[in-house]
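Have a look at the structure below before the remarks.
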Amino acid sequence: MSETIVFHSRNAKTLPLGLAAVLFSLAVGAGGIYAGLTTSPGMLVLGSVGLLAAVGIGRGILQVKDGYRLTVDSQGLGVGVRDSVVEIPWSAVEQIGFDPARHTIAVAPRAEYGQPRTRKPAPVWEARRGLFHLCRVDAMTVEPKQILDVLRRYGGDRWHERLTTP
């Protein structure tokens, strides 16, 4: 049986700014709806856009306010926020390592695995270099050395201290 190791990112500090954006969008939406119903029907579009923006921003805030997590075990890697987790089995990993250009843990997937469908904040696909950037090591709640040691152990011969693809 394999042990699952979970690393967490620090909590996002964007909550006040996000809440201000939601309130502004709600105000624009409510004002647009009111104006559209009372004087100018064209303002209904602005009101609808404002309300949709408030919903979208609110979902984004809720998704990232608790940060994201990186899980590692003998089956593979998982990275994501809340219930939105991207699983990457070890059989799909060509290389894994530290990308010094971005200070991230990066994965070069096998060609047959391709690019999974993801949503930010993690993982981020960099098509030019063919890498998934799983997480910034300096954004996690533990020392980068701990993360690198675990990935070195589980990654085996796939691990590269400096993952620099062309």
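The values are calculated or read from the model by the stated rules, or taken from the named source; none is laboratory data. Computed from a predicted model, the values in this text were never measured in an experiment. In this analysis, Cβ positions are derived from the backbone assuming ideal geometry, glycine residues included, and neighbour counts consider all displayed protein chains. Just so you know, the surface numbers come from the protein's heavy atoms only, side chains and all, with ligands and any DNA or RNA stripped out. Shrake-Rupley method; radii C 1.70, N 1.55, O 1.52, S 1.80 Å.
For (1) of a type in the set (D, E, K, R); (2) at pLDDT below 80; (3) outside any helix (DSSP H, G or I), each residue gets a yes or a no:
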| residue | (1), (2), (3) |
| --- | --- |
| 118 | no, yes, yes |
| 132 | no, no, yes |
| 135 | no, no, yes |
| 142 | no, no, yes |
| 146 | no, no, no |
| 151 | no, no, no |
| 155 | no, no, no |
(message) With within 30 Å of residue 81 (Cα to Cα), modelled with pLDDT of 80 or more and open to solvent by 60 Å² or more (accessible area, probe 1.4 Å) as the only criterion, which of 26, 15 stands out?
(response) 26
(message) Contact list please: Cβ distance under 9 Å, first residue in segment 35-47 and β-branched (Val, Ile, Thr), second residue in a helix (DSSP H, G or I), pairs at least six apart or on different chains.
(response) 45/32; 45/36
